[in-house]
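The values are calculated or read from the model by the stated rules, or taken from the named source; none is laboratory data. Worth saying up front: this structure is predicted, and the values here are computed from it rather than measured. All Cβ positions, glycine included, derive from the backbone under ideal geometry; neighbour counts span all protein chains shown. Protein only, heavy atoms only, side chains kept; ligands, DNA and RNA dropped before computing areas. Shrake-Rupley method; radii C 1.70, N 1.55, O 1.52, S 1.80 Å.
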Amino acid sequence: MTANIFRNPDTLPKPGGKWTHAIEVPVGARMLFIAGQAGFDGEGNLPPTFAEQVENTYANIVKVLADADMTVEDLVMGTIHMVDKADDLDLLIAASARHFGKHAWAGTLLYVKALAYPELLVEINAARERHGLNPVRSDARLAAAARDHAAAMARRDFFAHRDPDGAGLASRVVRAGYAYSQVAENIAGDHERAEDVVATWLLSEGHRRNLLNPGVVDAGIGYVDAPGDDGRVRYRHYWVAIFGRGPR
């Protein structure tokens, strides 16, 4: 199979480190899309420290590549989401060197304030990237509105976009301080894993349209674990994702 072609035109500044501006994949090459990795270990646990999480993330990518009979040399591009802590970047670079060596790939690093529920946002952006869309960034106001709605559904025993008082998405995001030109919401119940939530949404026309909307740039994630729920709606897990775009 013809090797990937690295594109770093002389008309652009030389990319820093081992990065490359672009990679051309030859016609007929196999394509492998790796779902978003959030640093889980082999037992499905998320370690408490960033150092452990970043080590697991790179190790897991290598394992997935190996399972497909590929190596890091086949890696073309990736997007990294990090909480804005300067010390973490050195850990990221060190882990990349250990697992990826000197391989150059087209990568994008995004700093966000926080990941309200990291697995779901990572899975959402992995799905968007597979469809050629830009990732959405975490927005604290949308996250607050999403968390409030997830908690309200668990507490007030309903599962809908409108609460029992008739309040809907628009009123929730405005109350959270988010002025919008576009806004949409997906909800899910009783899925334990974020990847299953996104897979279910992609099978639903309306949810898929919201998740893959090229016009949105922000997202807020809400999640509530409700063990022992004995109400009319008996879900253990309540998920909410709100997608938005500010005024144009």
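Filter the stretch 123-138 for residues that are touching a residue at least 12 places away in the same chain (Cβ under 8 Å) and outside any helix (DSSP H, G or I) and give the result.
Once the filter is applied, which keeps residues that are touching a residue at least 12 places away in the same chain (Cβ under 8 Å) and outside any helix (DSSP H, G or I), the stretch 123-138 yields H131, L133, N134, P135, V136, R137, S138.
Please pick out the residue among E192, E205 that is surrounded by fewer than 20 Cβ atoms within 10 Å (Cβ to Cβ), at pLDDT below 90 and out of contact with any helix residue (DSSP H, G or I) (no Cβ under 9 Å at 6 or more places or on another chain).
E192
Please work out which one of (1) farther than 29 Å from D230 by Cα; (2) open to solvent by 30 Å² or more (accessible area, probe 1.4 Å); (3) touching a Lys or Arg at 6+ places or on another chain (Cβ under 7 Å); (4) not acidic (D, E) is the condition A170 fails and give its number.
Exception for A170: condition (3).
Determine, yes or no, whether R141 is part of a helix (DSSP H, G or I) and either modelled with pLDDT of 90 or more or touching a helix residue (DSSP H, G or I) at 6+ places or on another chain (Cβ under 6 Å) (or both). Before you say what the answer is, go through the steps one by one.
Details: part of a helix (DSSP H, G or I): yes; either modelled with pLDDT of 90 or more or touching a helix residue (DSSP H, G or I) at 6+ places or on another chain (Cβ under 6 Å) (or both): yes.
Criteria met by R141.
Show me the strands (runs of 3 or more DSSP E) found entirely inside the stretch 6-112 where at least 3 residues are at pLDDT below 85 and open to solvent by 50 Å² or more (accessible area, probe 1.4 Å).
106-112
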